[in-house]
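Here you go, one structure.
The values are calculated or read from the model by the stated rules, or taken from the named source; none is laboratory data. Fair warning: this is a prediction, and the values are worked out from it, not measured in the lab. FYI the Cβ positions are ideal-geometry reconstructions off the backbone, even for glycines, and counts take in every protein chain you see. Accessible surface is based on the protein model in full, side chains and every heavy atom, while ligands, DNA and RNA are left aside. Shrake-Rupley method; radii C 1.70, N 1.55, O 1.52, S 1.80 Å.
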Amino acid sequence: MELQYINKSIQEYFSDLCDVANSKNLLQKKIGQILAKNSKRRIDHLKITQTFQKYLDFHIGNPHSLTGSLSGFYGVDLDSHTRLIIQPIPPDLSSEALKICEKVMIIGIVDYHGDKNEWLIA
């Protein structure tokens with residue numbers, strides 16, 4: 001799939017994961033080694049999957065649709081509390097559209113702990 005980023009800051013964090021030789025370890029410095037490593041895995045899984053529906057079918061990282069203020073987005077587990085937030089970019093979120101969706105927007109990383117969402121990368 002093709003990845004897009006909601007803003008330049010998000011793109012900088014995640015692009016740094018892919019340029020190992022020139023990496024400044026931006027994500028690792030911000031959220032720690034384990035979450036950065038898990039983020040890279042999830043990004044790699046998204047990149048190699050052909051469509052968003054196939055990604056959902058593989059269940060890697062427990063992708064799940066979100067509700068409330070995050071309706072229209074999906075969470076992907078990085079650990080027990082922390083999620084990579086993504087948004088498929090099809091014409092709509094119907095099952096037929098997700099089958100052909102080949103683009104995903106990276107929104108950020110949020111900690112689902114307690115009653116509020118703490119955005120770690122936004």
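How large a share of the accessible area of the chain, in percent, is made up of carbon and sulfur atoms when the probe is 1.4 Å and the other protein chains stay in place? Provide the component values of the computation, followed by the final result.
Details: 3380 of 6930 Å².
Of all accessible area on the chain, carbon and sulfur atoms account for 49 percent.
If you take every DSSP beta bridge whose two residues both sit in the chain, what share of them, in percent to the nearest 5, is antiparallel?
On the way: 18 of 22 bridges.
In the chain, approximately 80 percent of DSSP beta bridges are antiparallel ones.
A further question on this structure: On average, how much area does the Cα convex hull of the chain cover when viewed from any direction, in nm²?
On the way: hull surface 29.2 nm².
Taking a quarter of the hull surface, the average projection is 7.3 nm².
Next up: Within a Cβ distance under 11 Å of Lys99, other residues only, what is the Lys/Arg minus Asp/Glu net charge?
Values: positive: Lys54; negative: Asp57, Glu96, Glu102.
Within the 11 Å Cβ shell, the charges total -2.
How big is the Cα convex hull of segment 81-122 in projection, averaged over all directions, in nm²? Present the calculation step by step, with values, prior to reporting the outcome.
Working: hull surface 14.4 nm².
For segment 81-122, the mean projected area of the Cα convex hull comes to 3.6 nm².
Another question, if that's okay. To the nearest 20 Debye, how big is the dipole of the chain about its Cα centre, given +1 on the beta carbon of each Lys and Arg and -1 on that of each Asp and Glu? Display every interim value, and only then the final one.
Numbers: 14 positive and 14 negative charges, 64 e Å.
It comes to approximately 300 debye.
Within the chain, what is the number of lysine pairs with alpha carbons under 15 Å apart, leaving out pairs fewer than eight places apart on the same chain?
On the way: Lys24/Lys37; Lys24/Lys40; Lys29/Lys37; Lys29/Lys40; Lys30/Lys40; Lys47/Lys103; Lys54/Lys99; Lys54/Lys103.
Lysine pair count for the chain: 8.
Quick one: accessible area per residue over segment 15-122, 1.4 Å probe, rounded to a whole number of Å²? Walk me through the intermediate numbers first.
Values: 6090 Å² over 108 residues.
Accessible area per residue, segment 15-122: 56 Å².
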